[in-house]
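The block underneath contains the structure these notes are about, expressed in structure tokens.
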């Protein structure tokens, strides 16, 4: 049986609210409703259109298409789109997203780590994401790291992400598993445990929820989660924004990190601010001009 992720309407577009923050700390994941309006969703779709144009003319390893045998559709994913496409830069640097999501971390400083676009086409049944922790792949230490996963389509329970409630505090960081069978990350930390088979553990509470376009799941990087393939006749897409707070430092990890970036001139145990991981907010400041307004059209 799957229980429901607790959901909240943000108190304002710049503040998630005390109840949402308390639930995040306890459960490790929450759903924020109506985070982006249609104008901002249109901006993201403009970015997606440009992504597909770029992919056709580029061999960038960050742009991936996976099509499993006998599946009708493909699974597309890409990282670091903000460096290439203006629409994604607008979402990160001109919208209210850093203020709203940063309020959950209760941090004085907020850095961007990376953005991540995920598109599962209709009939993408075998594109299953196994149980894992995002933190296993990161060149970061610390606990104030969140994945803010913005739904771009209606996502019913049957295709939504699943989480092990409270696993951000109940479990240590486990081994980074490669999603391609038989492959392994170079330099992977072998003394970390493999992720448990939560689908066959009776004493864990698995939670999920339905999503509408503009809703966002927000979870801690140490949370165990998985996702089914897309069995529906409609697209299942999301844009993930990943942010870091005060206690996050650079980890000069031996394994290849995912996303495949390490920043510029960073020192193990030091601050992560650099060109690739820019500082978005500091000393609790809010950009009061970042509201649910219609964005400009210079998205490309």
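Of all residues in segment 75-104, those that are under 17 Å from residue 53 (Cβ atoms) have Cβ atoms under 7 Å from Cβ atoms of residues that are modelled with pLDDT under 95 and part of a helix (DSSP H, G or I), 6 or more apart or on another chain, in 78/51; 81/51; 84/54; 85/50; 85/51; 87/50; 88/81. Applying the criterion of being part of a helix (DSSP H, G or I), in contact (Cβ under 8 Å) with a residue 40 or more places away in the chain and in contact with a strand residue (DSSP E or B) (Cβ under 8 Å, 6 or more places away or on another chain) to the residues of segment 23-32, the residue that is surrounded by the fewest Cβ atoms within 10 Å (Cβ to Cβ) is 27. Within segment 94-113, if we keep just the residues that are in contact with a helix residue (DSSP H, G or I) (Cβ under 8 Å, 6 or more places away or on another chain) and part of a strand (DSSP E or B), the residue that is farthest from residue 84 (Cα to Cα) turns out to be 110. The set of residues in segment 185-195 being out of contact with any strand residue (DSSP E or B) (no Cβ under 6 Å at 6 or more places or on another chain), surrounded by 14 or more Cβ atoms within 10 Å (Cβ to Cβ) and closer than 27 Å to residue 120 by Cα consists of 185 alone. Looking across 46, 79, one residue alone is touching a strand residue (DSSP E or B) at 6+ places or on another chain (Cβ under 7 Å) and closer than 20 Å to residue 238 by Cβ. It is 79.
Here is the figure for segment 272-291: residues that are modelled with pLDDT of 95 or more and either touching a strand residue (DSSP E or B) at 6+ places or on another chain (Cβ under 7 Å) or within 12 Å of residue 14 (Cβ to Cβ) (or both) total 7. Return the residues of segment 242-277 that are within 15 Å of residue 137 (Cβ to Cβ) and not in a loop (DSSP other than H, G, I, E, B); say none if nothing qualifies. Within segment 242-277, 242, 244, 250 qualify. Taken over segment 137-157, the criterion of being over 15 Å from the mean Cα position of the chain (by Cα), assigned to a strand (DSSP E or B) and closer than 24 Å to residue 42 by Cα is satisfied by 155 alone. Please specify each residue of segment 33-83 satisfying the condition of being surrounded by 18 or more Cβ atoms within 10 Å (Cβ to Cβ), modelled with pLDDT of 85 or more and not in a helix (DSSP H, G or I). If the condition is that a residue be surrounded by 18 or more Cβ atoms within 10 Å (Cβ to Cβ), modelled with pLDDT of 85 or more and not in a helix (DSSP H, G or I), then 35, 36, 78, 79, 80 are the ones that fit.
Checked against (1) touching a helix residue (DSSP H, G or I) at 6+ places or on another chain (Cβ under 6 Å); (2) more than 14 Å from residue 29 (Cβ to Cβ), residue 165 meets all criteria but (2).
The values are calculated or read from the model by the stated rules, or taken from the named source; none is laboratory data. Note that the coordinates shown come from a computational prediction; the quantities given were computed from them, not determined experimentally. Every residue, glycine among them, receives a Cβ derived from its backbone with ideal geometry; neighbour counts consider all protein chains shown.
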